[in-house]
1. Answer with yes or no whether V293 is buried (at least 21 other Cβ atoms within 10 Å of the Cβ), on the phi < 0 side of the Ramachandran plot and not charged (D, E, K, R).
2. Name the residue that is farthest from D36 (Cα to Cα), counting only residues in the range 474-492 that are buried (at least 19 other Cβ atoms within 10 Å of the Cβ), among the β-branched types (V, I, T) and out of contact with any Phe, Trp or Tyr (no Cβ under 7 Å at 6 or more places or on another chain).
3. Which residue out of K460, K431 is surrounded by fewer than 17 Cβ atoms within 10 Å (Cβ to Cβ), in a helix (DSSP H, G or I), in contact (Cβ under 8 Å) with a residue 12 or more places away in the chain and of a type outside the set (A, V, I, L, M)?
4. Could you tell me whether W196 is farther than 20 Å from T251 by Cβ, assigned by TED's automatic domain parsing to the domain that holds P72, crowded, with 24+ Cβ neighbours inside 10 Å and not aliphatic (A, V, I, L, M)?
5. Can you tell me which residues in the range 463-510 are of a type in the set (A, V, I, L, M, F, W, C) and not in a loop (DSSP other than H, G, I, E, B)?
6. Yes or no: the range 498-510 includes at least one residue that is in the same structural domain as D403 (by TED's automatic domain parsing) and free of Cβ contacts under 8 Å to residues at least 12 places away in the same chain.
7. Given the criterion modelled with pLDDT under 90 and part of a loop (DSSP other than H, G, I, E, B), identify the matching residue among G353, G364, G389.
8. Quick one: in the range 134-150, which of the residues that are part of a loop (DSSP other than H, G, I, E, B) and among the aliphatic types (A, V, I, L, M) is farthest from S250 (Cα to Cα)?
Amino acid sequence: MLLVLVLHAACVTGVPRAGSSQGGREEPSRVTYDVDVVEAGRVEPKPVAVSPAEFQRAVRGLAREVRWKGTPREAARALLEVAGEAREIERVRMEGEWRAEGARGQVYSLVPVSQTGPVPLTPEAEEALRARYVGWCEKRGGGDCLGLLEDGPYLGMEDRRTWALALAMGPVLEETREALAHEVLDVRGVVALVVWTVSLYCMAWVVPEPTVKAVAATLTVMLVAWLGLDTVWGLMEGWMRLATRAHEASTFGELREAGDEYAKVLGGSAARVLVLAVGALTGHTVGQVAARVKALPGFTSAGARWEAQRGGAGVLGRVGVSAQEALIAAVETVEWVAATPGGALAVVQLKKGGGSAGGGRGTGTVLRHRGGNRQVVLGNGQRWHLPRGKSEGDIPVEDAVGDELQKAVTEAAREWGPNHLSLRERQAIDKARKEGEYWLARLLEREARGRFVERRVYDKFQHLYDWSLNKGIDITDPATGYQYEILSGTESNLARHGRRMAGELFRMLTF
């Protein structure tokens, strides 16, 4: 995949080791995470209403304290801890160096990087698009108003989709400019920073197994609270279509069409929430962010929506301090957010005071669910699910069967490739892509991979153990009663299985 932003969760099995006071021995520190699984369909998908007047008042208050270093593009990457895009660059000697950009084996852009010949070679379509962009900027601060030309004289794929996003957010960006006209010196820079941050954040959800961390995770919590998970998923799906159309676009009209289509998905209130969320998070510490979030329009309703979606209050009309505190706690402590396309969103919060030295079993990481059940990662790499009332002492000291199964799972996953898709699976995935349901295409491919791994392991061990694939715990060892579940190792899948089978003690075999 050529367009990948490197936004990965911190690996929960990679735990720093702390020295022990007993004889100089080292034991892994224990890091405890609280896990919330937020589900779609729990609240009305209509976002918390933010009127233009409320929006402009809030923008003026936030913008006075917004500070950044470098260009808006650089500042957005620094805020979200995003590296530059991974690009596959082909250089061709044609009176200079040219850059080819593409995705999924197709070239969408061929633009000059440098030209050394006596007659510059300028692609007419690229020059026309650049000229149209400069003209569009004249009424919006002039010059390179969004910072799209910083990396070259023409608009690459990243630039085109960012411009399409600005077109989609047009009316709300105008409201932003009006609000800041007499408040800050660099109105153009503030608007560009917002657009770039939203663009880079949305691209984080395009990867096959989307997970965001740090500031991007905090932004996700805010969006889910104000907009609802259903709306957030709609925005992500709409963004995938916008990105594809923008990558293919060669004229301003095509970019405008992509932006107009996304504007219908986005809507005014959601666009305002995006701007306010970025403003609240830019250039501030966690403590400062919490205070700014509390001051945003609709905070009380957002707290209730957050609590309802995580299985708390459950009724939007019952707003209490606990709901508001739950939202602020998530904003302050969220470590990463992992999504299951079209389904639940796992929100992981780092427990305050975590990090104490681990005990006798060498437990490295603990994921603690709201129901009291836990997932633990041992020092030897094994991951176990413990129901409420069970402890690390209930985990077998040695588990040769589990080790053998885990090895088989890992080997089967390495064998997997698109060539193992059945005709029916391939047709379903292609159909989803053609219809623009990219989340469904990714989900179908992951499910196919999971079935492949399960079949491989089943074929190897079917006569040794009791199997119940797709009917609860996958494998049971009749000799010991130990249970095993084959899982994709994504954070969202682990969190969902921890909640679905909260009352079972089993080892999690991941790939």
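1. Considered against the rule, which asks whether it is buried (at least 21 other Cβ atoms within 10 Å of the Cβ), on the phi < 0 side of the Ramachandran plot and not charged (D, E, K, R), V293 comes out as yes.
2. I486
3. The match here is K460.
4. Yes, satisfied.
5. Within the range 463-510, W467, I475, I486, L487, L494, A495, F506, M508, L509 meet the criteria.
6. Yes; the residues of the range 498-510 include at least one that is in the same structural domain as D403 (by TED's automatic domain parsing) and free of Cβ contacts under 8 Å to residues at least 12 places away in the same chain.
7. G353
8. Looking at the filtered set, the residue picked out is L146.
The values are calculated or read from the model by the stated rules, or taken from the named source; none is laboratory data. Given the structure is predicted, the values throughout are model-derived calculations rather than measurements. Neighbour counts are summed over all protein chains in view; Cβ atoms, including those assigned to glycine, are modelled from backbone coordinates with ideal geometry.
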